[in-house]
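**Q** Input: one structure, supplied below.
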Amino acid sequence: MASIDLSRFHRTFFEESFEGLDVMEASLLALDPEQVDSETINGIFRAAHSIKGGAGTFGFEAIAGFTHLLETLLDEMRAGKRAITAPDIELLLRAVDALRGLLATARDGGAVDPGTVEPLRAELAQCLAGGGVVPQAAERDEVPASGWRIRFAPKPELFASGNDPLLILRELQQLGDATIVCDVDALPSFGELDPESCHLAWTIELRGEISRAAVADVFAWVEDDCDLSIAALTPTPAQPQSGSKVESIVASAPRAEPRGDSASIRVATAKIDALINLVGELVITQAMLQQLASHLDPVHNEALLQGLSQLDRNTRVLQEAVMSTRMLPVDAVFSRFPRVVHDLAGKLGKQVRLQLVGEGTELDKSVIEKISDPLTHLVRNSLDHGLESPDERAAAGKDGCGTVTLKASHQGGHIVIEVADDGRGLSRGKLLAKASEKGIACNEQMSDAEVWQLIFAPGFSTAAQVTDVSGRGVGMDVVKKNIQALGGSVELASREGAGTRVTIRLPLTLAILDGMSVAVGDDIYILPLSAVVESLQPQPEQIRRVAGEGTVVRVRNEYVPLLPVKDWFRVPGASRPPHESILVLVEADGHKLALQVDELVGQQQVVIKSLEANYKRVAGISGATILGDGRVALILDIAEIVRLATRALAA
Amino acid sequence: MNASAEAVNAESSEFLTFTLGAEEYGVDILKVQEIRRYDTVTRIPDTPDFIKGVVNLRGTIVPVIDLRQKLKFERAEYDAFTVMIILNIAKRVVGMVVDSVSDVMQLSAEQIRPAPEFGASVDTRFITGLGAIDDRMLILVDIEKLLRSPDMALLPAADGSVTQH
């Protein structure tokens, strides 16, 4: 045994432990002291138990010891020996945080100091010692006040009538806390199985104060196609399990989501990245072949061309499939918000309902990692500045409990994430007053949309008071900057008194960029489409020279500095006069710049390649890509060019 | 990736020989990844003349230097025979343009002489020695040192510690 190096298992242990903590946290937040769901408690207990086990095995005694206490407490709750109260849940949440801290220290190789968690440990111990009281809540869990035992045995031809037992079971779950047991006795062997017949029967224990009529209503459509019995549940503790052949399929209604362990494997991201790179090369090679084949005589080379078009299809499907392996559901970020909102709402004394919509929407792992901070900021903003206090809300005739909605969806090649609240909304007057106070350019004639944009100006903060939660003056401008750094955009819509909605639009992956290719001399450059405002062919009278040095172009009522890309990058060859070229208006950090290029080539999605891997960073260049003909094109870093150019022009 | 950069073998005596103008040069074969025809190079703005730009090497962006321009040869033409030696040094891939590649030669320790002092006019910092085979003379280049030189900056300078992901 001594020869086995346990340290190589450490990484897995830590990964799994952190996942376990996430599960514990989410479950604790879902736990309602009024109506305790035993499966939720079991889940929390199991997570704690495996962390304890792992910590013991790998010799993290402090962690194991602390978790043991936690586990004991959870075990008592699980067994119904102890009621679960809101303060208990708070305590458990704090214990989860402490445990996360301990694990992080251990992971980073630090010595775990049990002293740091001593106060919490004492609290847990005290809670344990003071326990033993079995109040009514626990009893209620064991002995339902009322409920129904339903035996639902559809006839084999149920499906023929267009009914689906699953829908019925789901409807039952919505009525109350349903324990559903599936009876597979009638199931024939696989060979004899008729997939169009129903062979299953269910026994459902439905707890809650539900009228018999409500239950019967659910079965209204299938009454004639099944054997149905609805009997009142007798309040006897410990329901006897009905026979050994009964298999529990749906354990408990709301928490029935399988963890999906067996359906997924852990793969190092480096392997996936290598795969994505290889597929990228394949796509380029394929494009090269396609280009070569376009010169061939289609009559003589029919078979070859057919093969090539098949290759084209397959490579594209393959690329999509490989790209999707890096995709994670946005739930990975969303799942932290119930906790954030829970804590914040408590701190601010507000009542908040958090709604998550579209958690299953997938996007690239690297994007997920980077949107977490901006989103947290937005959610905090909504809670702190957006939502009113319960009294204010009541006075405004609104529900005392505010709603914050996080919504994710796909739109084209983008993911759109919305953070919306039904709070007080932005006040146009206040914003304008604040902006002029801060010396930010604004006027009364600005449209609402333009006024909302003021909030993204650097140094702008609308909070009347700086609070602990948000509003330290680094605000929305940082959010906007971070989102733009990801190639995305931020929009804001608001109605006074009705709420505010911030919409973030992001590319699905950082590996691909929507680009506009432009020609300068013989070179092709890629401009990120997100930075391009418009492109135009200027008239000679639109061009003005300023103080003999810089050149500006007049676009509508604005003078925009002009930058010939040819001179900037010292591309060989004679420069064309501006009015014979194309100007591409780009914007970054609120500054506009007109880039003078020779031609617009087209719009395309490009795969971003690193220039730094084998070379070094080049000013004004964010990366490179490979064009269809195999040549390399450089991707311009608009933010940097704008910064350097405006500085050069200002000097 | 046949030439692992770490495995720089001090005893290595196999050299890939190439010509620049009328002279024959040699580089440690373990640092050579492959040889390719000179392809269309994409210029990088604001770089010295001898850095020709970048090429696409099967999906990887690789910088290309022209050794002839770096060593101040007057003639640096690009024709059908111009080739690139793709070097793999310290996990970085760099292309090097030369006039032509000749062959691979084995040199024993006694065949290698120290580089003579040419005086200030010729840069001998990157020459490790001269190899003599019959009546031919090979100029052996310390390619790693060349790429680490400040004006190239193709490899991190300093002590060879590579800070790369």
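**Q** Evaluate peptide A:299-306: per residue, the Cβ atoms of other protein chains within 10 Å of its Cβ; return the mean as an integer. Provide the component values of the computation, followed by the final result.
**A** Details: counts 0, 0, 0, 0, 0, 0, 0, 0.
Shielding by partners across A:299-306 averages 0.
**Q** Here's something else I'd like to know. Which whole-Hz ³J(HN,Hα) couplings does the range B:44-50 yield from phi under the Karplus relation 6.51 cos²θ - 1.76 cosθ + 1.60, θ = phi - 60°, glycine and proline marked x?
**A** These are the phi-based 3J(HN,Hα) values: 10, x, 6, 10, x, 4, 6 Hz.
**Q** Next question. Sum -39500 (n - 2.57) across every DSSP H segment of at least 4 residues in chain A, then divide by the residue count to get the 222 nm mean residue ellipticity, nearest 500.
**A** Details: 19 runs with 252 residues, N = 651.
Computed mean residue ellipticity for chain A: -12500 deg cm²/dmol.
**Q** Here's a follow-up. Would you list, by chain and number, the lysines whose Cα falls below 29 Å from the Cα of A:Lys81, excluding same-chain residues fewer than 8 positions away?
**A** A:Lys52
**Q** Which value, in Å² rounded to 10, gives the accessible area of A:Glu444 with a 1.4 Å probe and all protein chains present?
**A** 130
**Q** Round to a whole number: what % of the accessible area of the protein assembly as shown belongs to carbon and sulfur, probe 1.4 Å? If you can, show how the numbers build up before the last one.
**A** Details: 22360 of 42420 Å².
Here carbon and sulfur together make up 53 percent of the probe-accessible area.
**Q** Give, ordered by residue number, each residue of the range A:274-289 whose 1.4 Å probe accessible area is reduced by a minimum of 40 Å² on adding the remaining protein chains to the chain alone.
**A** Checking the loss per residue gives A:Glu281.
**Q** Shifting gears a bit: What is the set of long-range amide H partners of A:Gln351 at a cut-off below 5 Å, with H atoms built 1.01 Å from backbone N?
**A** For A:Gln351, the qualifying residues are A:Gly402.
**Q** Each residue of the range A:70-82 in turn: what ³J(HN,Hα) in whole Hz from Karplus with 6.51, -1.76, 1.60 and θ = phi - 60°, glycine and Pro shown as x?
**A** 4, 5, 4, 4, 5, 4, 5, 5, 5, 7, x, 7, 8
**Q** Alpha carbon centre of the range A:278-350 versus the range B:83-148: separation in Å?
**A** For the range A:278-350 versus the range B:83-148, the Cα centre distance is 44 Å.
**Q** Tell me the per residue accessible area of chain A using a 1.4 Å probe; a whole number in Å² is fine. Numbers along the way, then the final one.
**A** Numbers: 33940 Å² over 651 residues.
Heavy-atom SASA per residue in chain A reads 52 Å².
**Q** Same structure again: Under 24 Å Cα-Cα from B:Lys145, which lysines qualify once same-chain neighbours fewer than 8 residues away are excluded?
**A** A:Lys616, B:Lys31, B:Lys52, B:Lys70, B:Lys72, B:Lys91
**Q** Please check the range A:612-629 for residues whose accessible area, probe 1.4 Å, is lower by 30 Å² or more when all protein chains are in place than in their chain alone.
**A** In the range A:612-629, residues shielded by partner chains: A:Ala613, A:Asn614, A:Tyr615, A:Lys616, A:Val618, A:Ile626.
**Q** From the cross-link list A:Lys438/A:Lys592; A:Lys365/A:Lys566; A:Lys350/A:Lys434; A:Lys398/A:Lys480, which pairs have alpha carbons spaced over 29 Å apart? Working shown, then result.
**A** Details: A:Lys438/A:Lys592 22 Å; A:Lys365/A:Lys566 37 Å; A:Lys350/A:Lys434 26 Å; A:Lys398/A:Lys480 31 Å.
Checking Cα-Cα distances, A:Lys365/A:Lys566; A:Lys398/A:Lys480 exceed 29 Å.
**Q** How do A:Trp202, A:Trp568, A:Trp221 stack up against each other in accessible area, from largest to smallest, with a 1.4 angstrom probe?
**A** Details: A:Trp202 25, A:Trp568 65, A:Trp221 205 Å².
These residues rank, largest area first, as A:Trp221, A:Trp568, A:Trp202.
**Q** Does any residue of the range B:28-52 lose at least 40 Å² of accessible area with all protein chains in place compared with its chain alone, and if so which ones (probe 1.4 Å)?
**A** B:Thr42, B:Arg43, B:Ile44, B:Pro45, B:Asp46
**Q** What does the accessible area per residue of the range B:14-148 come to in Å², with a 1.4 Å probe and no ligands, DNA or RNA counted?
**A** So the range B:14-148 comes to 47 Å² accessible per residue, rounded to a whole number.
**Q** Amide H neighbours of B:Ile133 under 5 Å, counting only residues 5+ apart in sequence or on other chains, H built in-plane at 1.01 Å?
**A** Residues meeting the amide H criterion: B:Leu138.
**Q** Can you tell me the orientation of helix A:638-650 relative to chain A, as the angle in degrees between its alpha-carbon axis and the longest Cα principal axis, to the nearest 10?
**A** 40
**Q** Right, another one. Quick one: accessible surface of B:Tyr25, probe radius 1.4 Å, all protein chains present, in square angstrom to the nearest 10.
**A** Accessible area of B:Tyr25: about 20 Å².
**Q** Something else about it: How far is helix A:38-57 tilted off the main Cα axis of chain A, in degrees rounded to 10, range 0 to 90?
**A** For A:38-57 against chain A, the angle is about 70 degrees.
**Q** Then there's this: List the residues, sorted by chain then number, that are 5 or more residues from B:Glu34 or on another chain and whose placed amide H is less than 5 Å from its amide H.
**A** B:Ile86
**Q** What list of ³J(HN,Hα) couplings, whole Hz, do you get for the range A:631-636 from phi and the Karplus terms 6.51, -1.76, 1.60, once you set θ to phi - 60° and write x for glycine and proline?
**A** 6, 9, 10, 8, 9, 7
**Q** Counting Lys +1, Arg +1, Asp -1, Glu -1, what net charge surrounds B:Asp135 among other residues with beta carbon under 15 Å of its beta carbon?
**A** Numbers: positive: B:Arg113, B:Arg136; negative: B:Glu23, B:Glu24, B:Asp134.
Result for the local shell: -1.
**Q** Between helix A:365-381 and chain A, what is the angle of the helix's C-alpha long axis to the longest principal axis, kept within 0 to 90° and rounded to the nearest 10?
**A** 80
**Q** Note the buried accessible area between B and A here, summed over both chains, with a 1.4 Å probe, in Å² to the nearest 100.
**A** 2000
The values are calculated or read from the model by the stated rules, or taken from the named source; none is laboratory data. The shown structure was predicted, so the numbers you read here are calculated from the model rather than taken from an experiment. FYI the Cβ positions are ideal-geometry reconstructions off the backbone, even for glycines, and counts take in every protein chain you see. Protein only, heavy atoms only, side chains kept; ligands, DNA and RNA dropped before computing areas. Shrake-Rupley method; radii C 1.70, N 1.55, O 1.52, S 1.80 Å.
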